[in-house]
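Participant: What follows is a structure written as structure tokens; I'll ask about it next.
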Amino acid sequence: MPTPPIPETKVKQFYKLLQEGHSIKAASQGSDISYISGRRLHAKLAEYVASQPKKREKLLIPPHPLELSELSPDAKRALDDFAYFRYRFMGRKSSPWQEDAADVTRVKLESPFKEYGVVNCPPGSGKSTLFTHDIPAWLSARSRTLRGFIGSSTQTLANSYVGRLRSTFERTIPVQAKSEDLARGLAVDAISTLAADYGLFRPNDSSIPWSRSQFTIVQFGETFTDEKEATWTAFGRDTGFLGWRVHFVVWDDLVVKARLRTQETIEADRSWWIDEAETRLEPGGLLLLQGQRLSPEDLYRYNLDQLTGYEELEDHFFEFGEEVQPTEKKYFHIVYKAHHEEVCQADTNPRQHSFKADPYDPKNPTTGGCLLDPRRLPWRELLAIQARPLSNYRTVYQQEDVNPEEVLVPRVWIDGGRDPDGNECIGCWDTNRSIAQIPEQLSGRKLSIIAVDPSPTKFWSVQWWLYNEPVEVPRLMGTRYLLDILRIPMKAPDFLDFNMDLHQWTGILVDWCNRAQALSHPISHLVFEKNAAQQFLLQYEWFKRFTASRNLIIRPHNTGTNKSDPEFGVTTIRNHYRFGRVRLPGTPEARRAVSPLVTELTRYPDSTTDDCVMANWMFEYQLQFLAAAINPIGSLYDDIPSWVA
């Protein structure tokens, strides 16, 4: 039998309640019809409004922006309550982390300073929708004069974000949730529209931009700002936007794997970011770089390491009455991990990992659950990701630089402290030792060695090591002192060259050999990558003359033969850091020089570059042969007086 028609009186009552701001469900109950019938009537109304654009404002929308005093209590509440704003106009249920992100954005945007932030969230959490649609819509509802742009890796993707935002401002019928989202409890039918609660957003003047790439919303009094920038504009990494200045910028998923494959593309992206992307803010504006971590060398990490830029000032200075320390980080950091292990109690309370568990609450970490979003990122899915071969779970889902269990040297081994297994690590820093400072009271065999990992194109790593092995210490269990290190772009003549006119040698090798001689620890060996040694140095007669004049022995090293060998490969340097047998100069200036080595050690094998690690390993690999050849076990040590020897 066909379904009987709904009485006209009930239909009118349903539309009346809907226009007053009631939800579809509430309007259905108030009209004494079923929820399914209400959704069907709502869909018909949406189709009618779409076919009658001239009647749109008469049907649902006030013809002008509404002042705060004209707003309904629910509309006022939505301006202050982001979770209710999403629920009322988008039909979305907010997780605590999404509310927290919106609150942080609002507070930072109200600051008198230019603010820069990095926001890292796992994929699948709804981060793009949150930062490119929901938060921008909320900000514009709060302040129509706000100007912003949404950026992405391509212009096409940025256009889709801005086009979606534009549709929300011009919508005249509350959006209906998808059936599958309703069933899963992820969404509800929206109650109202922005235009219905706050007045007209889309201008009637066709000369005012209203497209997928940019649009300007109606201002109070039917006037428009005289700025050239639209309210919202789309920009891609592949398009130009110089001269464009706004109050709010969000770059979504700008970092992609393809641009992390070489050091050249990484450096190009960093230069572009500093020269172009960062300079688009008006005073008091906010810039957010949002996305999931992909690599320890990605743009997120680079920005998080940036300082305020005031390091060269003597102490500090005051701006807007607030003290700014020279060592302040330029970017604030907001991290939302898929699983918060620090509050996880699944061992005693398995419900914490269930589909219906309470989500993690950044404002009250101990009262919520341990999963960021149990419905969108359930524990079952996270377990499957962790079980994949070569899983990127720790980086992409937990927002860590690397998996600390898989790096060559965990950071705690270098800095000292207690490792995750509860073991105490003594660390590797000599706090009061500077570059090229020889430790006092060395005894036993000593070797002064330079290790070089050259590059035919750009960066070289040059390291000066002093190995000291006292009599009572077993073979190769002595201390390795790093005396100096360089990682800079250079060519072979920068390392060693011969001036024919002046008949003298120049270069880094000459300077280091002279310095070592002055410190009474002359360089005895030069460890050089084999193929590069043949290409850059060994073919020249003047190079051989220099090494002969300094009693410098060349030790070619083949990096390809033993690199992955468990007994002789790169991993052999691990335990020397673990047990503090490697000593690094630890003054502030020295730490800056050593930082490239520390960075590579604590990220290898996921680091984009490995020049410093390779030079370190070359020194360590050759040390076993050099120490035995010069001072075999049982022979006299070089600190015994010459008359006794």
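The values are calculated or read from the model by the stated rules, or taken from the named source; none is laboratory data. Worth saying up front: this structure is predicted, and the values here are computed from it rather than measured. Methodologically, a virtual Cβ is constructed for each residue, glycine included, from the backbone with ideal geometry; neighbour enumeration extends over all protein chains shown.
Participant: Might you check whether a residue that is modelled with pLDDT of 90 or more, assigned to a loop (DSSP other than H, G, I, E, B) and surrounded by 13 or more Cβ atoms within 10 Å (Cβ to Cβ) occurs anywhere in the range 329-336?
Facilitator: yes
Participant: Same structure, new question: Evaluate the range 578-601: report whether one residue or more is under 18 Å from Ile449 (Cβ atoms), assigned to a loop (DSSP other than H, G, I, E, B), at pLDDT below 90 and more than 28 Å from the chain's Cα centre (by Cα).
Facilitator: For the range 578-601, residues under 18 Å from Ile449 (Cβ atoms), assigned to a loop (DSSP other than H, G, I, E, B), at pLDDT below 90 and more than 28 Å from the chain's Cα centre (by Cα): absent.
Participant: May I ask you to list the residues in the range 494-547 that are out of contact with any strand residue (DSSP E or B) (no Cβ under 7 Å at 6 or more places or on another chain), modelled with pLDDT of 90 or more and more than 23 Å from Ser455 (Cα to Cα)?
Facilitator: Asn514, Arg515, Gln517, Ala518, Leu519, Ser520
Participant: Could you check the range 453-496 and list, in sequence order, the residues that are part of a helix (DSSP H, G or I) and out of contact with any helix residue (DSSP H, G or I) (no Cβ under 6 Å at 6 or more places or on another chain)?
Facilitator: Pro493, Asp494
Participant: Same structure again: List the number of the failed condition for Ile508; all other conditions in (1) touching a residue at least 40 places away in the same chain (Cβ under 8 Å); (2) closer than 27 Å to Phe579 by Cβ hold.
Facilitator: Unmet condition: (2).
Participant: I want to confirm something. Restricting to the range 337-364 and keeping residues that are touching an Asp or Glu at 6+ places or on another chain (Cβ under 9 Å) and at pLDDT 90 or above, which single residue is surrounded by the fewest Cβ atoms within 10 Å (Cβ to Cβ)?
Facilitator: Looking at residues that are touching an Asp or Glu at 6+ places or on another chain (Cβ under 9 Å) and at pLDDT 90 or above, I get Lys363.
Participant: If I filter the range 427-446 for residues that are more than 34 Å from the chain's Cα centre (by Cα), assigned by TED's automatic domain parsing to the domain that holds Gln539 and among the β-branched types (Val, Ile, Thr), do I get at least one hit?
Facilitator: Within the range 427-446, one or more residues are more than 34 Å from the chain's Cα centre (by Cα), assigned by TED's automatic domain parsing to the domain that holds Gln539 and among the β-branched types (Val, Ile, Thr).
Participant: So Arg86 fits all but one of (1) in contact with a strand residue (DSSP E or B) (Cβ under 6 Å, 6 or more places away or on another chain); (2) modelled with pLDDT under 85; what number is the exception?
Facilitator: For Arg86, the failing item is (2).
Participant: What residue, of Asn551, Asn499, is surrounded by fewer than 13 Cβ atoms within 10 Å (Cβ to Cβ) and in contact (Cβ under 8 Å) with a residue 12 or more places away in the chain?
Facilitator: Asn551
Participant: Taking the range 91-113 on its own, how many of its residues are outside any helix (DSSP H, G or I) and touching an Asp or Glu at 6+ places or on another chain (Cβ under 8 Å)?
Facilitator: Total satisfying the criteria: 4.
Participant: Is there any pair with a first residue in the range 260-286 that is more than 16 Å from Glu297 (Cα to Cα) and in contact (Cβ under 8 Å) with a residue 24 or more places away in the chain and a second that is surrounded by 13 or more Cβ atoms within 10 Å (Cβ to Cβ) and of a type in the set (Asp, Glu) whose Cβ atoms are under 7 Å apart and which are 6 or more apart or on different chains, and what are they?
Facilitator: Filtered contacts from the range 260-286: Leu286/Glu115.
Participant: Moving to a separate point now. Quick one: which residue in Ala102, Ala141 is more than 22 Å from the chain's Cα centre (by Cα) and on the phi < 0 side of the Ramachandran plot?
Facilitator: Ala141
Participant: In addition: So in the range 69-83, with the set limited to residues that are at pLDDT below 95 and over 15 Å from Ile191 (Cβ atoms), which one is surrounded by the fewest Cβ atoms within 10 Å (Cβ to Cβ)?
Facilitator: Ser69
Participant: Additional query: Here are some residues: Leu157, Leu165, Leu139. Which one is in the same structural domain as Lys257 (by TED's automatic domain parsing), under 30 Å from Leu260 (Cα atoms) and surrounded by 17 or more Cβ atoms within 10 Å (Cβ to Cβ)?
Facilitator: Leu157
Participant: List every residue pair whose Cβ atoms lie under 9 Å apart, where the two residues are 6 or more positions apart in sequence or sit on different chains, the first residue falls within the range 463-480 and is farther than 19 Å from Leu597 by Cβ, and the second residue, located anywhere, is of a type in the set (A, V, I, L, M) and part of a loop (DSSP other than H, G, I, E, B).
Facilitator: Asn468/Leu442; Glu469/Leu476; Glu469/Met477; Pro470/Leu442; Arg475/Ile633
Participant: Sticking with this structure for a sec: Among the residues of the range 18-64, which ones are surrounded by 14 or more Cβ atoms within 10 Å (Cβ to Cβ), at pLDDT below 65, more than 21 Å from Ala78 (Cα to Cα) and small (Gly, Ala, Ser)?
Facilitator: Scanning the range 18-64 gives a single hit, Ala46.
Participant: Within the set of pairs 6 or more residues apart or between chains, which connect a residue that is under 17 Å from Ser143 (Cα atoms) and free of Cβ contacts under 8 Å to residues at least 24 places away in the same chain inside the range 184-203 to a residue that is buried (at least 20 other Cβ atoms within 10 Å of the Cβ) and not aromatic (Phe, Trp, Tyr) with Cβ atoms less than 6 Å apart?
Facilitator: Within 6 Å, the pairs are Pro203/Val218.
Participant: A follow-up question, please. So, in the range 420-452, of the ones that are of a type in the set (Asp, Glu) and outside any loop (DSSP other than H, G, I, E, B), which residue ends up surrounded by the most Cβ atoms within 10 Å (Cβ to Cβ)?
Facilitator: It comes out as Asp430.
Participant: Go through (1) modelled with pLDDT under 90; (2) assigned by TED's automatic domain parsing to the domain that holds Pro439 one by one and return the number of the condition Ile640 breaks.
Facilitator: If we test Ile640 against (1) modelled with pLDDT under 90; (2) assigned by TED's automatic domain parsing to the domain that holds Pro439, just (2) comes out false.
Participant: State whether the residues of the range 91-98 include one that is small (Gly, Ala, Ser), surrounded by fewer than 17 Cβ atoms within 10 Å (Cβ to Cβ) and farther than 16 Å from Leu139 by Cβ.
Facilitator: No, because not a single residue in the range 91-98 is small (Gly, Ala, Ser), surrounded by fewer than 17 Cβ atoms within 10 Å (Cβ to Cβ) and farther than 16 Å from Leu139 by Cβ.
Participant: Which of the residues spanning the range 378-406 are assigned to a loop (DSSP other than H, G, I, E, B) and either crowded, with 21+ Cβ neighbours inside 10 Å or within 18 Å of the chain's Cα centre (by Cα) (or both)?
Facilitator: Asn392, Gln398, Gln399, Glu400, Asp401, Val402, Asn403, Pro404
Participant: May I pose another question? State whether the residues of the range 374-386 include one that is modelled with pLDDT of 90 or more and among the small types (Gly, Ala, Ser).
Facilitator: yes
Participant: Looking at Arg603, Arg591 in this structure, which one is touching a strand residue (DSSP E or B) at 6+ places or on another chain (Cβ under 8 Å) and either surrounded by fewer than 23 Cβ atoms within 10 Å (Cβ to Cβ) or charged (D, E, K, R) (or both)?
Facilitator: The match here is Arg591.
Participant: If the Cβ limit is 7 Å and pairs must be 6+ apart or interchain, which residue in the range 339-350 that is closer than 17 Å to Leu377 by Cα pairs with which residue that is in a helix (DSSP H, G or I) and not hydroxyl-bearing (Ser, Thr, Tyr)?
Facilitator: Filtered contacts from the range 339-350: His339/Leu382; Cys344/Gln352; Ala346/Gln352; Ala346/His353.
Participant: Could you check the range 176-199 and list, in sequence order, the residues that are farther than 22 Å from Ile135 by Cβ and not in a helix (DSSP H, G or I)?
Facilitator: Gln176, Gly185
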